[in-house]
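Taking it in order: structure first as structure tokens, then the write-up.
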Amino acid sequence: MRRLALLLMLLAPIGAAAADNGLYAIYASGDYAGAEQAGVAAHSAEGYAIAARAAMADAILRPSPCLDCLKKAESFARQAVAADPRYPDGQIWLAVSLGYQARIIGIVKARLADAPEQSKAALDAALQSDPKNPFAVSSMGGWHIEIVKGGGSLMARLLYGASESKALQFFDDAARLAPGNVAVRYQIGLSLAGFDADKYRVRIQSEWTAAIHDMPETAYEKAMQERASRMLALLEKGEQAGLVAMVRQYQGYPQ
């Protein structure tokens, strides 16, 4: 209780802007449980979105996939969307949580649950509210590349309107919007490495090199820099089997 009270003190004094900054500071420090508690206690779209982001960070950083963690992130994100559908972060983390869940439950179950459609709708909403949000833009690129990877280019285009070329355009836009964002650059490289590491070797090297040398703003971004360093070393040494295994692990696939 004392811990929660201290967290709430960060939220109380000055209004919404101060509350948002306080919530983000808890998340940025790497206190994901604390960020979840404080975010939920705020009872706002911003608070629930921070809680979802923290739950996602916790899930991604675990050594093995945690479906329950991802479902918790989804629940927080849906509460953020319910509180304010126009707040982009809630939509972004909803799409991301569904994407990671799909990797655990498999393509068939994900399609039966309409996960691809729900993710696309959430990202469309985020981009409508904030067209220059680099997380929304890069996530949309990831959505396109995952759909093509899962169903092939023809089925991806016919069923979902997804394509490899659209993915690359979104990745280009995200890198332009946030050239110094560690998480965005890391994720672009990871998405392309999971799709075709040989075809996009130069681009992947560029993205991970940028992620490694950019200034991290959060504990999560520091962890992503370490991951980028490990994968880049394997890529440059030509250790394909090791790279494939590590990429799958970091993308959240069951080993």
Name the single residue, out of those in the range 61-120 being more than 17 Å from the chain's Cα centre (by Cα) and small (Gly, Ala, Ser), that is farthest from Tyr253 (Cα to Cα). Ala83
Please tell me if Ser191 is hydroxyl-bearing (Ser, Thr, Tyr) and surrounded by fewer than 19 Cβ atoms within 10 Å (Cβ to Cβ). no
Val182 fails exactly one of the following numbered conditions: (1) more than 17 Å from the chain's Cα centre (by Cα); (2) buried (at least 18 other Cβ atoms within 10 Å of the Cβ). What is the number of that condition? (1)
Which of the residues belonging to the range 92-134 are within 19 Å of Lys71 (Cβ to Cβ) and of a type in the set (Ser, Thr, Tyr)? Ser97, Tyr100, Ser119
What are the pairs, 6+ residues apart or on separate chains, where a residue within the range 175-200 that is β-branched (Val, Ile, Thr) has its Cβ under 7 Å from a residue that is outside any helix (DSSP H, G or I)? Val182/Asp214; Val182/Pro216; Val184/Ala178
So which residues in the range 95-146 are surrounded by fewer than 19 Cβ atoms within 10 Å (Cβ to Cβ) and among the small types (Gly, Ala, Ser), if there are any at all? Gly106, Ala113, Ala121, Ser129
Cβ-Cβ below 7 Å, separation at least six or inter-chain, first residue in the range 161-173 and among the charged types (D, E, K, R), second buried (at least 19 other Cβ atoms within 10 Å of the Cβ): which pairs? Glu164/Ile145; Glu164/Val148; Lys166/His144; Asp173/Val137
Out of (1) surrounded by 14 or more Cβ atoms within 10 Å (Cβ to Cβ); (2) farther than 18 Å from Glu146 by Cα, what's the single condition that is false for Gln169? (2)
Out of all the residues in the range 108-115, is one or more touching a residue at least 24 places away in the same chain (Cβ under 8 Å) and of a type outside the set (Gly, Ala, Ser)? no
From Leu177, Leu235, Leu243, Leu190, grab the single residue that is of a type in the set (A, V, I, L, M), out of contact with any strand residue (DSSP E or B) (no Cβ under 6 Å at 6 or more places or on another chain) and within 25 Å of Asp31 (Cα to Cα). Leu190
Against the definition (outside any helix (DSSP H, G or I) and modelled with pLDDT of 95 or more), how does Tyr186 come out, yes or no? no
Quickly run through the range 227-255 and pick out the residues that are more than 20 Å from Ala57 (Cβ to Cβ), out of contact with any Leu (no Cβ under 8 Å at 6 or more places or on another chain), surrounded by 14 or more Cβ atoms within 10 Å (Cβ to Cβ) and touching a residue at least 24 places away in the same chain (Cβ under 8 Å). Leu232, Val244
Considering only residues that are under 18 Å from the mean Cα position of the chain (by Cα) and hydroxyl-bearing (Ser, Thr, Tyr), which ones fall in the range 21-45? Tyr24, Tyr27, Ser29, Tyr32
When only residues in the range 204-226 that are acidic (Asp, Glu) and either at positive phi or over 16 Å from the mean Cα position of the chain (by Cα) (or both) count, which is surrounded by the most Cβ atoms within 10 Å (Cβ to Cβ)? Asp214
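The values are calculated or read from the model by the stated rules, or taken from the named source; none is laboratory data. Computed from a prediction, not measured in an experiment: that's the story for all the values here. Cβ coordinates were reconstructed from backbone atoms using ideal geometry, including for glycine residues, and neighbour counts include every protein chain displayed.
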